[in-house]
Amino acid sequence: MRKKIKPILLILFFLVIYIYVCSITLLPNNLVVFEGEKLDIKTLYGIRINAKDENFSDYKVMQTATNLSEKVSDNVGTVNLSLELFGTIPLKEIDVNILPRTTVVPLGNSIGMKLYTDGVLVVGMSEITGEDNIVYKPFEDSGIREGDRIIEVNNVAIKNTSELIKTINKSNGSNLKIVYIRDNNRLTANIAPIKTSDSDYKLGLWVRDAAAGVGTASFYEPSTGMFAALGHGIVDIDTGEIVNIANGELTTSTIVSIKKGNRGNPGEIRGTIESGLKIGEIYKNGNFGVSGIITNKENLNLSSLDEMEVALRSEIEEGKAHILCELENGRVDSYEIEIRKVYTSNNYDNKSMLIKVTDSRLLEKTGGIIQGMSGSPIIQNGRFVGAVTHVLVQNPTEGYAVFADMMIKQMREVK
């Protein structure tokens, strides 16, 4: 009997160790919170968190809890937290950056976006017929695949597709050393281009260096001149991955038509940016939207809009709220919604709140939430609380929204 118990105890011991290691590893090295916001850190039994900074002596030692939530000091700055096992064994350090509360101008304007990638994105592969009429796959066994981003060829930086084509043709078929990025890792490959019957050299890779789309601007922050839009990132239509950009432009857009949504068939705001006027520069395309600097405020018609405080999660309530969105060119209207559920602990995706459209005017026009409304700002009790991000396809009157603080924090990372 003892022989059977020992292996079981040993397995349980290593299982507990594994759980603790995973728990600590998954905790971020850096956190960003607003002044007065509660810090939510999930820990396990025996782990204690201490604030090491003397400037924050009022910040008490936080004891272990399954769902730890203690108020961060109201001082603005950085707190260094130390995680210790049973108060003696150091495990991890976390820097908490405390931002001052801020005010924004909620927008709701229909906008266009032009994004330019950092390097060129591989979106497909195809066989190449050489000048000898033999079919080749020069990319085969190179390691490159869809979603990779080519940034350098033969020690020359590649910024767009035309530069890549020019470099390939200059090779005259010689082996090329290609540097590409995958999952933030820098990798290399060697490919010999194939000469085609039209005397061009090709790798068999389909690439793209730009993306464009329309959506809704969420807010403008007067104190920094920055903006955020969409509430979710722009993904490449071929790879399904968020486009890693070098820069971009924010422009005005023109609404062409509105397709009403119904169960199982999401609607859409169809727009064009062909004659759009430049509003600003885009610097970031992340999980919680696009952001950058406003350079031409006059093209946003900000004068009639009100500046308001950004709500903390603890200030968001289930119940009535309203959204701002543009469904007619040049006109931003307010529509009633209901916040049905607030997922206060969610720091991982842009489904922070479950919302429902209750305004009969909006239901008549769109059937609920439709594509193109992503980024529509949500206002409750005179505060900016978040932005629309998703529609429930089987019930277009309902969808999800992202917390305002998540958009602000991602936007601030730009600097």
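Evaluating 6.51 cos²θ - 1.76 cosθ + 1.60 at θ = phi - 60° for every residue in the stretch 327-341, the Karplus couplings come out as 10, 10, 3, x, 10, 9, 10, 9, 10, 6, 9, 10, 7, 8, 8 Hz, glycine and proline recorded as x.
Put a dot 7 Å past the Cα of E163, heading toward its Cβ, do the same for E146, and the two dots end up 2.6 nm apart. In a fully extended conformation the segment linking Y348 and Q371 would gain 6.1 nm over its present Cα-Cα distance, using 0.36 nm per residue.
Sorted fewest first by neighbouring Cβ atoms within 10 angstrom, L363, L187 come out as L187, L363. Backbone N atoms of the stretch 191-223 closer than 11 Å to the 7 Å Cα→Cβ label point of N329 are not found in any residue. Database remark: amide H of G108 closer than 5 angstrom to the amide H of A217, S218 (H placed geometrically; neighbours at sequence offset of 5 or more, or on other chains; Pro and chain starts carry no H). Straight Cα distances below 14 angstrom link K341 to the aspartates and glutamates E315, E317, E318, E398, with same-chain residues fewer than 8 positions distant left out.
A full extension of the chain between R340 and T129 corresponds to an added length of 70.2 nm, given 0.36 nm per residue minus the alpha carbon distance.
In the structure shown, the pairs K92/K409; K278/K356; K114/K297; K137/K166 are assessed against 25 Å; a Cα-Cα span above that value is assigned to K278/K356.
What longest range of the chain stays clear of loop-exposed chymotrypsin sites (Phe, Trp or Tyr not before Pro) (DSSP non-H/G/I/E/B, at most 13 other C-beta within 10 angstrom)?
On the way: sites that count: Y45, F86, Y348.
With chymotrypsin sites (Phe, Trp or Tyr not before Pro) excluded where exposed in loops, the chain gives 87-347 as its longest stretch.
Net charge near K278: determine it from the other residues with C-beta under 12 Å of the C-beta of K278, scoring Lys and Arg +1 and Asp and Glu -1. The partial results should precede the final answer.
Numbers: positive: K114, K297; negative: E249, E281, E298.
After counting each charged neighbour, the total is -1.
Loop-located GluC sites (Glu not before Pro) across the stretch 346-415 with a Cβ neighbour count of 15 or fewer within 10 Å are E413, with loop assigned by DSSP. The label-point distance for R186 and N247, in a model that sets each label 7 Å from Cα toward Cβ, rounds to 2.2 nm.
Model label sites at E318 and K260, defined 7 Å from Cα along the beta-carbon direction, differ in position by 3.1 nm. Extension gain for the segment N395 to K92, taken as residue separation times 0.36 nm less the Cα-Cα distance, is 104.7 nm to one decimal.
Using the beta-carbon distance between L363 and N301 and R0 = 22 Å, what value does 1/(1 + (r/R0)^6) give for FRET efficiency, to the nearest 0.05? Don't skip to the end; give the middle numbers.
Numbers: r = 26 Å, r/R0 = 1.20.
After rounding, the FRET efficiency stands at 0.25.
Values in this text are rule-based calculations from the coordinates and carry no lab data. If you're wondering where the values come from, they're calculated on a predicted model, not measured in any experiment. All Cβ positions, glycine included, derive from the backbone under ideal geometry; neighbour counts span all protein chains shown.
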